[in-house]
Amino acid sequence: MTATAVTRKPVRWGRVALHVGCLAALLVMLYPLAWLLATSLKPADEVIASLDLLPRHLEWSNYSTALDGVNDVSIWRLLSNSLLIAGGAVLGNVISCSLAAYAFARLRFRFRGPLFAFMIATIMLPHHAVLIPQYIIFNQLGLVNTYWPLILPKFLATEAFFVFLIVQFMRGLPRELEEAARIDGCGPFRSFFSIVLPLTRPALITTAIFTFIWTWNDFFTQLIYLFDPDKFTLTLALRQFVDASSSSAFGPMFAMSVIALLPIVLFFLAFQRFLVEGMASSGLKG
Amino acid sequence: MPGHRTKGFWSSAAALALCAMVAGCSGSGESVGGGKVVLRYTWWGNPDRAERTEQALALFEKQHPDIQVQTSFSAYEAYKQKLATQAAGGDAPDVMQLDYRQIDQYASGGVLLDLGEQKAALRTGEIDAGLLATGRLDGTQYAIPQGRGTETIAYDVKAWKATGVPLPGRGWTWSEWADTMRALAEKTGKPGATDPGQSEDAFEVWLRGQGKSLYTKGGELGFTAADLTRWWTFTDKLRREGAVSPAEQTTQLDGSVENTPLGRGEALSDSNWDAPASGFLALIPSGVALAPMPSGEDGTPGQYYKPSMFLGVGANTSHPKEAAQLVDFLINDEEAAKVLGATRGIPVNDSVRKEIEPQLEDFDKTVADYQSSLEGTLNPPPQAPPSGDNALQTTFQRDYDQVSYERMSPREAAENYVTEAKAELRS
Amino acid sequence: MTTTLIPTTARTASPKRRVKRERQGPAWVFLSPWVLGAIVLTLLPMAVSLYLSFTDYDLFNPPRWVGLRNYVQMFTEDPRYWRSVTTTLTYVVIAVPLQLALALVVALALKSMKRGKAFYRSAFYAPSLLGASMSIALVWRAVFNDGGTVDNLFGTGGWVNQPGWALLAVALLTVWQFGAPMVIFLAGLQQIPAELYEAAAVDGAGKWRQFLSVTVPMLSPVLFFNLVLQTIQAFQVFTPAFAIGAGKGGPADSTLVYTLYLYDRGFVASHMGYASAMAWVLLLVIGAVTAVLFRTSRSWVFYASEGDR
């Protein structure tokens, strides 16, 4: 025993301090989440009025109400609608944004500078200002009350945030591999698919994660474009519990918020590990 | 006139531009469901209202086998935004629930159909004339009131009784109300009520109690900065005395009963519309009662029967007759009323109301009893406020915030408000 | 603006003439979805809103041309507009540096960690999963209320209902959700080839030296991205302020940020022309700030693909 203790590396105090610091920070960070969970179990007269973290007694009926769904639409339906939209959006953003980003980062074409500037400028206009023109367009296309207005824009790389993100990552890649490939007669398409895309995987995973979460939580667009309760999502449905003009059910709203949180937690947990393997595993050395 | 100046220009401009770019322009198309006429009907509310609405609509579809109703709801704030976007995009639903404050804007914007054209399908004979007139603009009936509400002071019965202060009775005046609030505050150490200074609705009741009104018939401001100064001086004093809620409490109002001082257990009463006051029951299980709003010092009542909501038909609906039939059903059908109860306020149709009143239960009954106790004592409602009122309602709260946080005197804030209101109403 | 934004062309194209001029065809193939989306879903609505900014448009009646009136009114007759400008600038100055610093520090801490990395990363990201939803706004209002947790700990009273503190509570909600920039930093750190550190170590560089000569330059494109995007997003902050300020930017207009006021003008007061004008002024301001950032980036952002050219 003493032997092992001797051979073991001395305690790394720096590392311990790091963990202690991180845990302390987490305690503060996760406190509001604990509050959210606790509130979802509070009875109606405590949800807003009580400033204590813990409920006086656990009100499980909030969850059973939430699990019943809203307006004859089951929670499973709401869940699968949300998944469909978020999944479609992820696919769209990853494909279209990486294509556009490659052109901006690596290829040369006329007006590249101005077009890049325009792309960045599109995220500077508050979306409330273009909401109505966009609605008119989708209405004229006969796409209102379908999922297209929520998914189609993602396939057309309208989210400049992600194009710019992937551009920045691609520009961080050394060109040597592509140059070598070009000498071997590799065109831009193969170069994109077999060299650049694998190397930008952290950025693509990041795009996928953010797109999923942000689309999932995007109350506003879903509200405007969806009409049939059958097509509603979890994010829309949970807000239906709270109507200031009649009466609200904050408890079930909190319960449904927690339920709606689960899929995105799972999605994040499933994909975040791919963030780890960037360069290291896909092998720049190769 | 308004009916023609629609958003046609915008729709067609966008359509043209698009057709040039995208091959094949498919219009939004007729909604046809198996040869049936399909109506879209939207409203705001909560899941309870949704359930009863679905049941009523099932009844309607049974009565009209050739019509299918698609319905959808959101909470109030979200609904307003969604409806505005749809209407601006030329895509207003066939039948829509509207608020008092939306009537002027939607009617003058050409969103609503002239319901006079559908008299055959839509009966209005049994609705109180004054109430019906609130859905009229320049002599045209654009919307039909669907429910009747009035303002009330909801209070925590048990806590109030415990103080020994006499319970509020009929015909109390604003100064009696103020004295009562002071007495309550003294006994409990908590404010007696939500500070009414932030509420344009409460101000209107106070104003009407003096024979004035928020807006003139021509849609201009019906009061002066001096009137508002007096109101805000009155509430400001009460707030400083602790008789009504402090700024820190008042500012958290967001329309929901949960965020009122009464709902949080920080005060004993709250002025609200009668039907939404039902929400207090879940928060104060020991009991909530409704008292009338205070009247002017000479006994002039300020509160009135307000349409809690309206139904309107979209101007470019393809099925005006069927849409009118649906409106008629929701307002005049007794079977529908039995299902709907008082979820949208007490029914406006006189005979329907008499029919269902005995069947109302729980808080619906409390509201119905409260309303019938006022029957015959109130003055007729004003016409629907001009569209600028949508913005002014929040401006009113904002300016009063400046008073309650003691950044401005009541006079400064009132003058600010009147200047802003005049600009808003002119544009 | 365009010249300052040109990322690589300026440097790669002009001094070194490529041996073979690349054909443009492939580029347009890659760009085609973006071009279609940019024209139909972005350019067209933007053009419409620019036009509307010169009109009086109440959403339902056809817009009426009023020239520059909206702009003049905004700058000269609307004190609330200017208050929203100062509120927004204050917010940007508080939220952006705090959020980025926190994200970077946590990302660096996680990178140097051998165990528990995945756990910490997920846990630190957790608040960002929520967005500024209604439920989290209610939680925030409870925690920062009179008698709430913060009041109990620090005795400062409630933050959300004091005009002097409410904006800080809004900013803290944004800062709290630093997961997005953190993940981007982590991805950027991940992308730095290990050989660079090995080479630096061989050259005898210590940890700090490695940080300065390898991490900082290699991370600079990502740092730049985060800085630009968080600044743009902060200027447009809407949801947290909307949710915490009960939809009206209270108390006493202290959280009435720019886009919230824009929304209020456009959708509550139905002055969409005025709101559009506000939107375009904001675009110009953000554009100018971004242009400055891009210009300064030349001196501190290092791109591996261009580094040795």
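Quick notes
- Test: B:Leu39 is among the aliphatic types (A, V, I, L, M) and more than 26 Å from B:Asp389 (Cβ to Cβ): yes
- Within segment C:35-94, the set of residues being among the charged types (D, E, K, R) and under 25 Å from the mean Cα position of the chain (by Cα) comprises C:Arg80, C:Arg83.
- In this structure, C:Ala95 does not satisfy being over 30 Å from C:Gly266 (Cα atoms) and among the small types (Gly, Ala, Ser).
- Complete set of residues in segment C:230-255 that are over 20 Å from C:Ala142 (Cα atoms) and among the aliphatic types (A, V, I, L, M): C:Ile232, C:Ala234, C:Val237
- Of the numbered criteria (1) farther than 27 Å from C:Ser133 by Cα; (2) more than 9 Å from every other protein chain (Cβ to nearest Cβ), the one A:Gly172 fails is (2).
- Matching entry among A:Gly92, A:Gly87 (being surrounded by fewer than 20 Cβ atoms within 10 Å (Cβ to Cβ) and assigned by TED's automatic domain parsing to the domain that holds A:Asn217): A:Gly87
- Scanning segment B:87-113 for residues that are facing chain C (nearest Cβ under 9 Å), in a loop (DSSP other than H, G, I, E, B) and of a type in the set (A, V, I, L, M) yields a single hit, B:Val111.
- Residue match in segment B:282-289 (condition: modelled with pLDDT of 90 or more and surrounded by fewer than 22 Cβ atoms within 10 Å (Cβ to Cβ)): yes
- Taking segment B:72-82 as the range and being farther than 17 Å from A:Asp218 by Cβ and in contact with a helix residue (DSSP H, G or I) (Cβ under 8 Å, 6 or more places away or on another chain) as the test, the residues that pass are B:Ser72, B:Phe73, B:Lys80.
- Matching helices (runs of 4 or more DSSP H) fully within segment A:1-114 where at least 3 residues are modelled with pLDDT of 85 or more and more than 23 Å from the chain's Cα centre (by Cα): A:13-39, A:61-67, A:75-106
- When segment B:269-279 is filtered for residues that are more than 7 Å from every other protein chain (Cβ to nearest Cβ) and out of contact with any Phe, Trp or Tyr (no Cβ under 9 Å at 6 or more places or on another chain), the ones remaining, listed by number, are B:Ser271, B:Trp273.
- Exactly one residue out of B:Glu297, B:Glu258, B:Glu266 is more than 14 Å from chain A (Cβ to nearest Cβ) and either part of a strand (DSSP E or B) or farther than 16 Å from B:Ser373 by Cα (or both): that is B:Glu297.
- C:Phe224, sole failed condition from (1) of a type in the set (A, V, I, L, M, F, W, C); (2) more than 10 Å from chain A (Cβ to nearest Cβ); (3) buried (at least 19 other Cβ atoms within 10 Å of the Cβ): (2)
- Screening segment C:100-186 for helices (runs of 4 or more DSSP H) wholly inside it with 3 or more residues that are at positive phi returns no ranges.
- Restricting attention to segment C:115-139, the residues that are at the interface with chain A (Cβ under 8 Å from one of its Cβ atoms) and farther than 16 Å from A:Gln272 by Cα add up to 8.
- Number of the exception - A:Ala203 against (1) free of Cβ contacts under 8 Å to residues at least 12 places away in the same chain; (2) at the interface with another protein chain (Cβ under 8 Å from one of its Cβ atoms): (1)
- Criterion (of a type in the set (A, V, I, L, M), within 18 Å of B:Asn349 (Cα to Cα) and crowded, with 20+ Cβ neighbours inside 10 Å) met by exactly one of B:Ala143, B:Ala154: B:Ala143
- Total residues in segment A:226-239, condition surrounded by fewer than 23 Cβ atoms within 10 Å (Cβ to Cβ) and more than 8 Å from every other protein chain (Cβ to nearest Cβ): 2
- Some residue of segment B:89-101 being under 20 Å from B:Gly341 (Cα atoms) and of a type in the set (Phe, Trp, Tyr): no
- Some residue of segment B:174-194 being in a strand (DSSP E or B) and of a type outside the set (A, V, I, L, M, F, W, C): no
- Boolean, B:Glu357 is touching a residue at least 12 places away in the same chain (Cβ under 8 Å), surrounded by fewer than 17 Cβ atoms within 10 Å (Cβ to Cβ) and touching a helix residue (DSSP H, G or I) at 6+ places or on another chain (Cβ under 7 Å): no
- Filter pass, C:Val143 being under 30 Å from the mean Cα position of the chain (by Cα) and either basic (Lys, Arg) or modelled with pLDDT of 90 or more (or both): no
- For A:Ser191: the one exception among (1) within 30 Å of B:Thr42 (Cα to Cα); (2) surrounded by fewer than 24 Cβ atoms within 10 Å (Cβ to Cβ); (3) among the polar types (S, T, N, Q): (1)
- Candidate set from segment C:259-309 (those that are in a loop (DSSP other than H, G, I, E, B), touching a residue at least 60 places away in the same chain (Cβ under 8 Å) and more than 14 Å from chain B (Cβ to nearest Cβ)); member that is surrounded by the fewest Cβ atoms within 10 Å (Cβ to Cβ): C:Arg309
- Within segment C:230-258, the residues that satisfy the criterion of being more than 14 Å from chain B (Cβ to nearest Cβ), in a helix (DSSP H, G or I) and either touching a residue at least 24 places away in the same chain (Cβ under 8 Å) or over 18 Å from the mean Cα position of the chain (by Cα) (or both) are C:Gln230, C:Thr231, C:Ile232, C:Ala234, C:Phe235, C:Pro240, C:Tyr258.
- For segment B:45-65, a residue qualifies if it is in contact with a strand residue (DSSP E or B) (Cβ under 6 Å, 6 or more places away or on another chain) and either within 11 Å of another protein chain (Cβ to nearest Cβ) or surrounded by fewer than 20 Cβ atoms within 10 Å (Cβ to Cβ) (or both), and the qualifying residues are B:Gly45, B:Pro47, B:Arg49, B:Ala50, B:Arg52.
- Number of the condition not met by B:Gly299 [criteria: (1) at positive phi; (2) in contact with a Pro (Cβ under 6 Å, 6 or more places away or on another chain)]: (2)
- Extreme residue, farthest from B:Ala193 (Cα to Cα), among residues of segment B:300-312 that are of a type in the set (Gly, Ala, Ser) and outside any loop (DSSP other than H, G, I, E, B): B:Gly312
The values are calculated or read from the model by the stated rules, or taken from the named source; none is laboratory data. Model, not experiment: these values are computed from the prediction. Here the Cβ is made from the backbone with ideal geometry for all residues, glycine too, and neighbour counts use every protein chain on show.
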